[in-house]
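The values are calculated or read from the model by the stated rules, or taken from the named source; none is laboratory data. Since we're looking at a predicted model, the values are computed, not measured. Neighbour counts are summed over all protein chains in view; Cβ atoms, including those assigned to glycine, are modelled from backbone coordinates with ideal geometry.
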Amino acid sequence: MQGFPFFPEQASTFAGQIDLLYFFLLAVSLLFAGVLPFVILYLIVRYHRSQKVDRSNPMSSDLRLELTWTIIPLLLTMVVFFWGAFLYIQMRTPPKDVIDVYVIGKQWMWHTQHANGKRENNELHVPIGQSVRLIMTSQDVIHSFYIPAFRVKQDVLPGRYTTLWFEATKVGDYHLFCAEYCGTDHAVMGGTVTVMSLKDYQAWLTTPGQVIMPDGSVQAGQVLVNTNSVSSEPQVGSSLGDPMALAGEQLFTSLGCSGCHIMAGGGLGPSLKNVFGYDQQFTDGSTMLADENYVRESILNSAAKVVQGYQPVMPAYQGQLSDDQVNQLLAYVKSLSNRGGTAPATVPTVGAGATSAAATAPAGTSAPVATSAPLALPTATPASGGASGGGPFNADLAAKGSQLFTNLGCIGCHQDTGVGLGPSLKGVYNSTVTLSDGSTITADEAYIHESIVNSTAKVVKDYNPIMPVYGSQLKDAEVQQLVEYVKSLGSAGN
Ligand code: CUA
């Protein structure tokens, strides 16, 4: 079909197969559409009432005829079904040696980001002869990522990842479209996919461009080049050396995640080693394969699925992280797993997956081990009365505050021993606190209230401003309960 203007070029391993199926459908349709009208016309003329034909003994049924018009269409549709299903499964199952590229759709452009941190707008550069998987999400509405020359199209949805893979077979520039109506400028939401030779691709990948920094900002002119990963082969999957994963690790530390997720185990949160690509067991007894969507949900809405043996104490990061940052964290989590680079779709999901995970994963990492992880939540019971704690406080509210303090995960960072990521709150009330700018302040009710609602306003000396802002997440009454709880922990001089 070379040069036939109705068909785009065939530039991926799928293109030929898809076209063949398409031509088969077209041929079958043409056969019926082309032959049936003539049969109808013939019968109209032949049996017109003006024609003298034998009309005696009209046939009421003919088994051979009925079988014929049942079996032939059945066979034809079954051929289409199995052929289509075969292609579909192939297109949904990426090979193991796949390069991951992250794609974010938004009104009205496409952002792509490669494992080494290099970022593109409305462009995608890929190497020839290498399978590439796109891990895609949307920042706003539903878009659809469509490369006609590759014969691939996949909806891109907000709030979850969808994936798509292909292997380009021809060097060149190809159209990229959004194929789902997404607002005013839908028609111009597109760009170019450039297929390059391996050598050119390597050179392109390491040329300065735009990168996303861990804080979510975009910087031009410098690409994080990891010298360990530069080789003649394109990088396969993500590894700990990928700058994108490194950016994720940096974010992981600066957000304070590392305070609870201790990779050696024993933290308030599970270790994240060999989590990705393995089955996880949850508190409700269910299991699920830890794929991209699971990791994303666990970051943004951590309470949705709680790993067995742990408490739902992690703050929800919904609305606090950009999609770029979630992608970096995901790349980091994947880099911690020996299955990080492989497609989760090819990993068996239930039963078998769990056993093989336990067999191959280093000790202390697979799901069953989580049950044995120690969980030592200090039982912070408030003082029974107003008198014993020092300053007067409302014991009722303080008890509720204590519960909230645990549920929200505050307890993970504000540890009594003072070794947590946040300061200990014992005896803080009415004490003099030194802030990071060197000034001092008396920790009265107003100060405690502000520190909960807008934690970054006044940061205690020697601590980082990593506490989530709870302003919009807590009701006034809840903030009051927390304040009373802090007061119950004792005040200065007591
Ligand atoms: Cu995005 Cu149409």
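Taken together, the residues in the stretch 174-191 that are surrounded by 14 or more Cβ atoms within 10 Å (Cβ to Cβ) and either charged (D, E, K, R) or within 16 Å of the ligand (Cβ to nearest atom) (or both) amount to 11.
Identification of strands (runs of 3 or more DSSP E) wholly contained in the stretch 109-154 with 3 or more residues that are within 16 Å of the ligand (Cβ to nearest atom) yields 109-114, 131-138, 143-147. Listed by first and then second residue, the pairs linking a residue in the stretch 296-321 that is under 21 Å from Pro158 (Cβ atoms) to a residue that is of a type in the set (Phe, Trp, Tyr) and in a loop (DSSP other than H, G, I, E, B), with Cβ atoms under 8 Å apart and 6 or more places separating them unless they lie on different chains, are Arg296/Tyr161; Ile299/Tyr317; Leu300/Tyr317; Ser302/Tyr317. Scanning for something away from the ligand (no atom under 16 Å from the Cβ), assigned to a strand (DSSP E or B) and under 22 Å from Ser197 (Cα atoms), does the stretch 85-99 turn up at least one residue? Within the stretch 85-99, one or more residues are away from the ligand (no atom under 16 Å from the Cβ), assigned to a strand (DSSP E or B) and under 22 Å from Ser197 (Cα atoms). Within the span defined as the stretch 227-243, one or more residues are outside the structural domain of Leu336 (by TED's automatic domain parsing), modelled with pLDDT of 55 or more and in a helix (DSSP H, G or I). Can you tell me which condition Ile99 does not meet? The list is (1) surrounded by 13 or more Cβ atoms within 10 Å (Cβ to Cβ); (2) farther than 30 Å from Glu292 by Cα; (3) at pLDDT below 90, and all the others hold. The one condition Ile99 does not meet is (2).
Just to be sure, is Gln17 outside any loop (DSSP other than H, G, I, E, B) and either surrounded by 12 or more Cβ atoms within 10 Å (Cβ to Cβ) or assigned by TED's automatic domain parsing to the domain that holds Gly129 (or both)? Yes; evaluated as a whole, the condition is true for this residue.
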